[in-house]
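A.B. asks: Below: one structure in structure tokens.
Every number here is computed from the coordinates shown, using simple stated rules; none is lab data. The structure presented is a predicted model; accordingly, all values stated were derived computationally and were not measured. As a convention, Cβ positions derive from the backbone with ideal geometry for all residues, glycine included, and neighbour counts pool all protein chains shown.
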Amino acid sequence: MIEKRPIKLHPSWLKVLGEEFDKPYMKALRTFLLAEKRAGKTIYPPSENWFAALDTTPFEAVKVVILGQDPYHGPNQAHGLCFSVPPGVQPPPSLINIYKELDADLGLGAPAHGCLNHWAEQGVLLLNATLTVVAGQAGSHQRQGWESFTDKVIEVLNEQRQHLVFILWGSYAQKKGSIIDESRHCVIRSPHPSPLSAHRGFFGSKPFSRTNAYLQSQGIEPIHWRLPD
């Protein structure tokens, strides 16, 4: 699956990330993933969605980056966009809390579904640090190479783009985003929206209105956060 050609990846991302696919860590990751498949393990999301975040939000279109950690590991949940689930799938607890804050911040009410594709299509890169997981085993594909790849995604955005908003929820995302140059970009930090931590400062952090205020201050079209039914 993870070979230099063909790669299901938007051409704009291939231009800035293509060399990564020839590096030893990515070759080792490919070997690992093939071994997992041969062992009969179910991997989420489906392979055609491993790079969905990058495919849906081209490099030049990125306005906002939301960093997650791992794909959801339950059936039918993961589809390549962090925090998002396909239409018809019950929103998980962290996403429910994101919706609560969205309503408190902008008064948009609770969306009827958990699919964040509308955000991604407007320039919100919904990027997990690790792009695959074994069914039912949270964190099972950590430290196999994906983190190096997604670190590179953040690096090229930091260096080659300007006036992006990086939304870093929780200590993991904040550590991963520590390379961001805050003289070039806006960084919004808060606790994670998980039920374990949302009451420690995620609620009331107003990330959506703060994002749009920054974008507008730079003459950039704001994100329309209301999700269509």
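A.B. asks: Rounded to whole Å, give me the distance from the Cα center of segment 159-190 to that of segment 43-89.
C.D. replies: 19
A.B. asks: Would you mind calculating the relative contact order of the chain from Cα pairs under 8 angstrom and at least 6 residues apart, reporting the percent as a whole number?
C.D. replies: 22
A.B. asks: Which chymotrypsin sites (Phe, Trp or Tyr not before Pro) in segment 191-220 pass both tests, a DSSP loop state and at most 13 other beta-carbon atoms within 10 Å?
C.D. replies: none
A.B. asks: Something else: Under the Karplus relation 6.51 cos²θ - 1.76 cosθ + 1.60, θ = phi - 60°, what is the ordered set of whole-Hz ³J(HN,Hα) values for segment 8-20, x standing for Gly and Pro?
C.D. replies: 6, 8, 4, x, 5, 7, 4, 4, 9, 10, x, 5, 4
A.B. asks: Which residue, GLY139, LEU168, TYR99, has the largest displacement toward the positive end of the dipole of the chain when charges sit on each Cβ (Lys, Arg +1; Asp, Glu -1)?
C.D. replies: Checking the options against the dipole of the chain, the answer is GLY139.
A.B. asks: I need the shape label for segment 64-192. Rule: rounded when a/c is under 1.5, else prolate if a/b > b/c, else oblate, with a, b, c from the alpha carbon gyration tensor.
C.D. replies: Note, shape of segment 64-192 comes out oblate.
A.B. asks: What ranking, highest mean first, results for peptides 59-66, 125-132 when packing means the other Cβ atoms within 10 Å averaged over each residue?
C.D. replies: 125-132, 59-66
A.B. asks: Could you tell me the number of lysine pairs in the chain with C-alpha atoms less than 13 Å from each other, where the two lysines are 8 or more residues apart or belong to different chains?
C.D. replies: Lysine pair count for the chain: 7.
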